[in-house]
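The values are calculated or read from the model by the stated rules, or taken from the named source; none is laboratory data. If you're wondering where the values come from, they're calculated on a predicted model, not measured in any experiment. So basically every Cβ, Gly included, is an ideal-geometry build from the backbone, and we count neighbours across all protein chains shown. The accessibility values were calculated without ligands, DNA or RNA, using every heavy atom of the protein model including side chains. Shrake-Rupley method; radii C 1.70, N 1.55, O 1.52, S 1.80 Å.
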Amino acid sequence: MASYEFVTIWRIEAPIEKVWNEIYHTEYWPDWWKGVIRVEELKEGNDLGVGSIRRYTWKTKLPYKLVFDIETVKVEPMNYLEGIAKGELDGKGIWRLEEKGSYTIARYDWLVNTTKTWMNILAPIAKPLFEWNHKVVMSWGAESLANRLQARVVEE
C-alpha cells in the first residue's frame, strides 16, 4: 500500500458555527461539494454521531472515482471531528476548526493508504499526480463551501 499524508487548510470568511455545520453534516456534502457524488449512511451513531458509518463516493479531477467508508470516532462540537476510513482508502481523517477574527480556519489532516492495486503499482511515479488531485478536490470543497455560505475564501 502507498501512504499519503495530506494537510489542507481552508480559511472561510464565515462564523465557526456555520462552517462546522456544513462540515459536520456530511450527508449534505453532495449538495455543495463538487467532488462528492454520494454519501450513504450505513450505521447510525450516538447523539453526536460517534459510531456512525457512512459510505462516500468521490469523483476527482483525474478520471477515477473512490469509494470508502468512514466511521466517526470522536466529535468535539465546533472544534474537532475524527473518522477512520476503510475501503479504497484506509486511514484517518481529522477536521479541526478555530475562529480567527472574521473567518474560520478549517484544517483537515488526511492520513491514508491506497488499497486499489493499480494505484499502488503506479504510486512510485504517480504519487505527485495523486497529491495534486487531492489538492484540486479539496480546493473545490473550499470554493463550494464559501459559495454555500455566501462567504469568501481568505488567502494567506
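Numbers for the structure displayed
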| item | result |
| --- | --- |
| Some residue of the range 39-48 being under 24 Å from residue 114 (Cβ atoms) and surrounded by 14 or more Cβ atoms within 10 Å (Cβ to Cβ) | yes |
| Every pair of residues 6+ apart whose Cβ atoms lie under 7 Å, when the first sits in the range 39-54 and is hydrophobic (A, V, I, L, M, F, W, C) while the second is open to solvent by 90 Å² or more (accessible area, probe 1.4 Å) and not in a loop (DSSP other than H, G, I, E, B) | 53/43 |
| Leading residue by the ranking (nearest to residue 104 (Cα to Cα)) among those in the range 1-38 that are among the hydrophobic types (A, V, I, L, M, F, W, C) and open to solvent by 70 Å² or more (accessible area, probe 1.4 Å) | 9 |
